[in-house]
């Protein structure tokens with residue numbers, strides 16, 4: 001018996017049929033509002049009100065929650081197109097339709113996610129204008145030109161997204177597919193600039209460059225190109241890929257756990273693998289980007305650097321180590337389970353290497369999580385001679401942290417390589433030599449990374465930062481690139497000895513994927529707070545002081561509670577987006593095989609322009 | 001040896017190593033409970049990961065626990081099961097009571113060693129030229145004013161050091177002054193313990209406020225003497 005959808009569902013579907021219109025509406029509001037800000041400056045009118053509070057929750061907390069949700073959603077809508085486009089390219093190049101289907105499945109999410117992000121951006125803007133009018137007037141005065149560019153980019157992005165999504169089926173073959181791929185590229189191109197423009201506003205607040213002379217454009221440009229702008233741009237770009245990958249993994253994990261048929265299990269198992277792979281792919285260079293950002297912060301302002309890494313915010317980095325640790329463990333665990341379950345008979349072969357990698361990972365994590373000054377009772381501190389342990393205290397500084405993070409990247413990469421090679425037998429004659437070279441390279445790289453880390457304690461900090469740490473990164477990157485090229489060359493003609501079997505992963509694999517996504521979200525809330533609170537009592541560091549009642553840094557426990565709340569809210573929003581976006585599929589499934597024609601009367605419309613044609617082809 | 005026995009032995013061994021072996025390594029000290037807990041959690045995570053990798057290992061590891069807890073074919077062990085089901089909640093209750101009961105012991109500290117310096121002290125460069133004479137003079141000032149606590153060997157082991165908790169900083173340790181710029185040391189020497197900011201309280205430092213006794217030039221020379229004597233270099237960006 002067919003059930004008619006409820007009123008709310010119908011309403012959501014109607015709105016979701018043209019979701020990007022909401023985004024465009026918000027963007028248009030922004031375009032209209034921005035000149036108003038500029039005109040207000042021309043009239044010489046300045047509000048006598050510097051701050052307005054929001055009863056109950058407080059203006060700062062409200063801004064904190066909304067800004068964080070907006071940023072997380074922005075990361076999602078910027079990460080997913082990269083993920084989807086990469087999948088589409090792979091599908092186009094290899095001819096494997098399932099990649100195209102995966103790309104489409106995630107692009108379908110974009111439309112509703114995009115409008116939700118824009119809505120949160122609009123809410124944030126209104127709250128900021130209302131609660132912090134003086135700060136917003138100051139920022140508008142500097143960044144007015146970039147506001148205009150931002151709005152224009154928003155319109156371009158919206159139009160491109162419309163064409164990309166609605167044109168998926170119409171441009172699925174031949175030359176039109178190439179044009180569709182080009183649209184996907186442009187979508188990401190505009191998205192990149194949509195990301196870096198607001199980044200300039202946020203990074204300006206932390207590392208302002210203010211010039212007194214010059215045109216409005218010159219002032220805006222100088223403020224935009226501030227010392228931490230590009231480090232944040234690169235860090236966020238990579239982090240968005242990681243977020244997109246792991247959220248795809250979590251979605252696949254949940255669908256896998258609730259799958260009812262073998263086909264569903266196979267599909268979502270494979271999707272989980274792709275999500276985890278792309279998440280790990282982004283995770284590997286992320287520590288390097290983070291290191292570069294911190295280096296720039298230190299160089300820009302010693303006070304800010306110490307507040308973050310040595311002062312009261314330094315405990316956040318211990319939490320960060322724990323979260324990243326769980327993420328590395330979770331990702332590797334998923335790879336290792338994949339070997340055990342998807343490649344029959346390979347468990348015994350890889351048990352020892354897996355154990356070795358696990359032990360190395362745990363040792364590295366132990367070092368990474370060890371704080372410089374330890375949490376100790378009075379009695380314990382007296383026995384240690386302070387809160388700094390005489391022996392293990394050496395693990396608390398950057399030389400040790402950089403060394404173990406490089407080693408963890410190496411180990412995770414080796415996990416992936418092992419998974420890649422499992423069930424395949426090389427046929428080329430030089431494979432044995434290549435493997436011997438790779439093994440030797442790996443050992444040399446490991447020794448070199450550790451040696452540089454140890455030697456780093458005995459050289460001036462600048463030598464360690466400029467030469468040793470960069471050399472460690474260079475060595476690891478060299479291994480990553482060399483091994484990838486050699487392995488792909490070996491496997492090109494390799495014989496498959498054991499076919500990979502999808503859909504056999506145990507339920508805990510699905511939970512591991514969900515855990516990874518939650519860890520990434522928590523990490524983003526944590527480091528977002530760290531970056532923002534490093535300004536301490538300044539709206540614009542050293543330029544505009546925060547004189548509101550909230551000009552204090554909250555206790556770490558309080559901050560952690562808000563981060564956890566933000567993570568929960570974001571997960572709920574993402575779940576809602578997935579629910580909305582897949583409502584059409586569920587409707588189709590409910591009708592079973594009866595729904596053969598899209599034109600059938602009474603058939604539920606496919607959600608947000610979804611393609612029944614393509615789905616039938618696959 | 002059963003799949004369950006190995007992890008238990010491993011956990012106990014790691015605990016004993018951290019609790020009794022590490023403190024007895026020359027130059028070491030007992031580890032705080034927080035760090036031991038952290039390391040044991042890591043080991044536990046590793047055990048769970050390794051033993052749940054495949055269906056067989058998971059069954060070998062988790063199966064006995066599950067059967068014991070559900071009372072499936074336990075035989076003579078059923079009384080042990082009841083003992084565990086009674087003792088475990090009691091242990092949790094005892095732990096909860098212990099961590100929430102009123103105590104006269106001060107709370108555990110998460111002291112921040114390096115607070116951020118005030119803006120006016122960031123980015124200052126040493127105005128005293130780095131000549132052998134100035135370094136030597138700085139070492140002389142250091143011997144007179146600093147070495148009673150920080151030690152003649154710059155290792156934090158001066159004759160008065162034992163009277164302080166936390167102890168004076170060990171400058172020869174590459175994780176102390178080598179991580180800092182000269183301007184940071186200038187601030188700390190000049191303002192002393194009383195000049196520390198309120199962020200990350202509690203501050204416990206007996207460092208005198210040397211600005212009332214020493215001119216700035218002497219402080220800069222002391223800094224040069226400290227770095228040279230401890231065989232360290234200040235953090236720079238050039």
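Values computed for the structure shown
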read-out	value
Flag for residue B:92 being more than 7 Å from chain A (Cβ to nearest Cβ), part of a loop (DSSP other than H, G, I, E, B) and loosely packed, with under 11 Cβ neighbours inside 10 Å	no
Filter result for residue A:306 (under 30 Å from residue A:541 (Cα atoms) and under 24 Å from the mean Cα position of the chain (by Cα))	no
Qualifying position, being over 24 Å from residue B:170 (Cα atoms) and surrounded by fewer than 18 Cβ atoms within 10 Å (Cβ to Cβ), among A:416, A:458, A:468, A:478	A:478
Sole residue being surrounded by fewer than 19 Cβ atoms within 10 Å (Cβ to Cβ) and within 14 Å of chain A (Cβ to nearest Cβ), chosen from B:164, B:171, B:145	B:164
Filtered residue count, the stretch B:107-160, keeping only those that are outside any loop (DSSP other than H, G, I, E, B) and under 20 Å from residue B:213 (Cβ atoms)	15
Pick from the stretch B:23-41, criterion over 19 Å from residue A:378 (Cα atoms) and surrounded by fewer than 18 Cβ atoms within 10 Å (Cβ to Cβ), ranking: nearest to the chain's Cα centre (by Cα)	B:27
Sole residue being without any contact (Cβ under 8 Å) to a residue 40 or more places away in the chain, away from chain A (no Cβ under 14 Å) and either under 30 Å from residue A:360 (Cβ atoms) or in contact with a strand residue (DSSP E or B) (Cβ under 6 Å, 6 or more places away or on another chain) (or both), chosen from B:16, B:38	B:16
So residue A:439, is it over 25 Å from the mean Cα position of the chain (by Cα), within 14 Å of another protein chain (Cβ to nearest Cβ) and farther than 30 Å from residue B:105 by Cβ	no
Residue check, residue A:88 over 30 Å from residue A:561 (Cα atoms) and surrounded by 20 or more Cβ atoms within 10 Å (Cβ to Cβ)	yes
Residues that are modelled with pLDDT of 85 or more and out of contact with any helix residue (DSSP H, G or I) (no Cβ under 8 Å at 6 or more places or on another chain), drawn from the stretch B:99-131	B:100, B:101, B:102, B:129, B:131
Test: residue in the stretch B:166-177 that is in a helix (DSSP H, G or I) and either farther than 25 Å from residue A:312 by Cβ or out of contact with any strand residue (DSSP E or B) (no Cβ under 7 Å at 6 or more places or on another chain) (or both)	yes
Number of positions in the stretch A:389-409 that are more than 7 Å from chain B (Cβ to nearest Cβ) and either touching a residue at least 60 places away in the same chain (Cβ under 8 Å) or outside any helix (DSSP H, G or I) (or both)	9
The stretch B:133-156: number of residues that are under 14 Å from residue B:217 (Cα atoms) and free of Cβ contacts under 8 Å to residues at least 40 places away in the same chain	1
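Residue-wise test of (1) within 13 Å of chain B (Cβ to nearest Cβ); (2) out of contact with any strand residue (DSSP E or B) (no Cβ under 8 Å at 6 or more places or on another chain); (3) under 19 Å from residue A:367 (Cα atoms); (4) assigned to a helix (DSSP H, G or I).
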| residue | (1), (2), (3), (4) |
| --- | --- |
| A:287 | no, yes, yes, yes |
| A:293 | no, yes, no, yes |
| A:298 | yes, yes, no, yes |
| A:304 | yes, yes, no, yes |
| A:307 | yes, yes, no, yes |
| A:315 | yes, yes, yes, yes |
| A:331 | yes, yes, no, yes |
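Rundown of residues vs (1) more than 30 Å from residue B:32 (Cβ to Cβ); (2) more than 10 Å from chain B (Cβ to nearest Cβ); (3) assigned to a helix (DSSP H, G or I), yes/no style:
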position	(1), (2), (3)
A:345	yes, yes, no
A:349	yes, yes, yes
A:354	yes, no, yes
A:357	no, yes, yes
A:361	no, no, yes
A:366	no, no, yes
A:373	no, no, no
A:379	no, no, yes
A:382	no, no, yes
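The values are calculated or read from the model by the stated rules, or taken from the named source; none is laboratory data. If you're wondering where the values come from, they're calculated on a predicted model, not measured in any experiment. Note: ideal-geometry Cβ built from the backbone for every residue, glycine included; neighbour counts use all protein chains shown.
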